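Inspection log for the structure reproduced underneath, given as structure tokens.
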Amino acid sequence: STSTSTSTSTNEGDDNDIVNDNNRELEKDQEEPEFIPVTDCLNWLQDLQRALRRDSDTYRPIGLLLGQWRVVSQKLLPLVVNCSYDSALVLTICKILVILTKPPAEEARRAGGLVLDVKSGKVDDGVIREQIILRDNAIAQSDLLMEYKKIFVRHPTHHYAFKSNHSTKASKEKQTQKSPKQQPGLFSIFTSLLATPLSKTGSSRTTTDHHTIELILHLFRNLLSISPLNTYGSSEKARESMALHRELIVLMKEEMVLDVLMVIGQEVERRENEGYNLLLMEILHHLLRSQDPTDVALSAKQTPPSTSVPVATPNNK
């Protein structure tokens, strides 16, 4: 029994070490000094947005180059956190992030799953070389998207959502004392941009408001849709992808993203919300894609009809 408990605790420790190592790697890239934008920062971001719009949808060489330069982790996200007060700047960065995180093109998806016929000799070497280039490009796109998902989920401002359940109140108080200037979570910054547009109803909601709502929802949809193009039978890679997806859903709950989605979904029949129908369906699909439909249906029956806490009265204390 001693050896069994030892091996179990060792496995749990290994899993925790892997997560901690991943967090440390991302912290090295993301923990930068405070960013202060220069006067032409917004213009630079708009130039970058225009360049990405001209990028090839199939091969995305500009997007891959930005990935090599770590522009998202070292420039864009620090700007969002440090300049959350500047709505125009944050919205422009959000537009860039939506382009960078959009799902691969259908041709790239097919290329990522190519099985190369090297041994038979029936396929010309030039064709095989071209297929290798296409496949490697598709895999590079997929790996970069997974990296972006990891950067968002394990961003330093989100670490609070994954604190060990075994941490004591004392340790939490010490952490709070060490960092009195608590930064808002990255997701909550983007979610806050929805407050004003969603507060407007009917004709008072402008075209700009609709574009803002769709932009933020597209970012959430893109992040939820990211998954490995091909795991090549690697159970470890598939398991890591599933764990990262679960962490993303937990984070969306903590950052009130799911609450916002529920509010929009409850009022989707209103005229001003009709345009978000398909987008909400996509988000719901990616949220529940790994769940058993029967379990999802049963969970609705098991949920109590009202979660409100009864008010104490003289007859009910």
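The values are calculated or read from the model by the stated rules, or taken from the named source; none is laboratory data. In this text the structure is predicted, and so the values were computed from the model without any measurement. Virtual Cβ from ideal backbone geometry, glycine too; neighbours counted across all protein chains shown. In case anyone asks, the SASA skips ligands and DNA or RNA and just uses the protein heavy atoms, side chains included. Shrake-Rupley method; radii C 1.70, N 1.55, O 1.52, S 1.80 Å.
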Seminar exercise, completed: The correct count of residues that are open to solvent by less than 40 Å² (accessible area, probe 1.4 Å), part of a helix (DSSP H, G or I) and not polar (S, T, N, Q) in region 94-133 is 11
Problem set entry | Candidates Leu278, Leu248, Leu261 - the one that is touching a residue at least 12 places away in the same chain (Cβ under 8 Å), among the aliphatic types (A, V, I, L, M) and farther than 22 Å from Leu145 by Cα | Leu261
For this session: Kindly indicate whether any position in region 266-280 is surrounded by 15 or more Cβ atoms within 10 Å (Cβ to Cβ), closer than 18 Å to Lys102 by Cβ and touching a Ser or Thr at 6+ places or on another chain (Cβ under 7 Å).
Result: no
Exercise. Of Val90, Val72, which residue is closer than 20 Å to His245 by Cβ, within 17 Å of the chain's Cα centre (by Cα), at pLDDT 95 or above and not in a loop (DSSP other than H, G, I, E, B)?
Worked result: Val72
Exercise. Among the residues of region 233-265, which ones are out of contact with any Ser or Thr (no Cβ under 6 Å at 6 or more places or on another chain) and either over 28 Å from Ala161 (Cα atoms) or of a type in the set (D, E, K, R) (or both)?
Worked result: Gly233, Ser234, Glu236, Arg239, Glu240, Arg246, Glu247, Lys253, Glu254, Asp259
